[in-house]
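Below you'll find the structure, written out as structure tokens, and then a few comments.
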Amino acid sequence: MHKRYILIALAAGVILAAVFLLHRSEEDRILGQIEELRELAEIQTQEGSVELLVKSRLLGEFFTENTFYDMTGNGQRLYEVPSRQELVQRIARMRAKLARLELVLEDMQVSIEGDTARVQLRGTGLGTIRGEEGQFLEIHSIEIQLEKLDDTWLVAGGRHIRNEREPAE
């Protein structure tokens with residue numbers, strides 16, 4: 001009888017460990033995807049038009065076909081980008097304005113619910129705008145929403161939480 005309880009406890013332990021490892025590996029995949037996106041989004045030197053378009057298209061592959069961005073926490077509105085093509089065009093327009101961009105993502109907290117996930121983080125952007133002197137610095141807390149499609153985690157949208165350079169209310 002004692003052996004039976006040990007076997008049941010051992011089996012339960014193995015199942016719990018497997019669930020933890022599977023969940024952890026999904027979390028690692030999500031964090032890896034976000035890190036790849038961050039690296040690709042950075043601009044080390046001013047990009048030519050071909051490099052700008054190639055990188056914009058590659059960045060677009062990290063997103064779902066249509067995306068939503070809730071900027072109401074930043075005094076703006078909810079934005080929808082109805083197609084990946086339009087998103088790539090917007091990315092290209094933004095990148096064309098930048099001469100340099102460094103990104104740091106910190107305090108990432110992942111929560112996974114089936115084929116959806118949320119990542120809360122603090123992001124810092126330091127860069128320069130083409131034709132302008134000086135640098136800009138942006139620090140924001142955001143939530144990234146992801147969907148798992150064909151075994152790949154893609155960004156489905158995001159939500160602005162707070163501008164970290166403004167005093168807390």
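Would you mind giving the average projected area, over all directions, of the Cα convex hull of the chain in nm² with one decimal? Answer in nm², one decimal: 13.5.
Packing, taken as the mean count of other beta carbons within 10 Å per residue, orders the peptides 91-98, 74-81 from highest to lowest as 91-98, 74-81.
The overall shape of the stretch 73-141, judged from the alpha-carbon gyration tensor, is oblate: a/c is not under 1.5, and a/b is no greater than b/c.
With a 1.4 Å probe and every protein chain kept in, tell me what percent of the accessible surface of the stretch 16-128 is carbon plus sulfur.
That share works out to 56 percent.
Taking all protein chains into account, the per residue accessible area for the chain stands at 65 Å² (1.4 Å probe).
Reported value for the stretch 19-107: 136 Å³ per residue, from the convex hull of its C-alpha atoms.
The values are calculated or read from the model by the stated rules, or taken from the named source; none is laboratory data. Please read these numbers as outputs of a predicted model, since none were measured by experiment. For neighbour counting, all protein chains shown are included, and Cβ atoms are generated from backbone atoms with ideal geometry for every residue, glycine included. All accessible areas refer to the heavy atoms of the entire protein, side chains included, with ligands and DNA or RNA removed. Shrake-Rupley method; radii C 1.70, N 1.55, O 1.52, S 1.80 Å.
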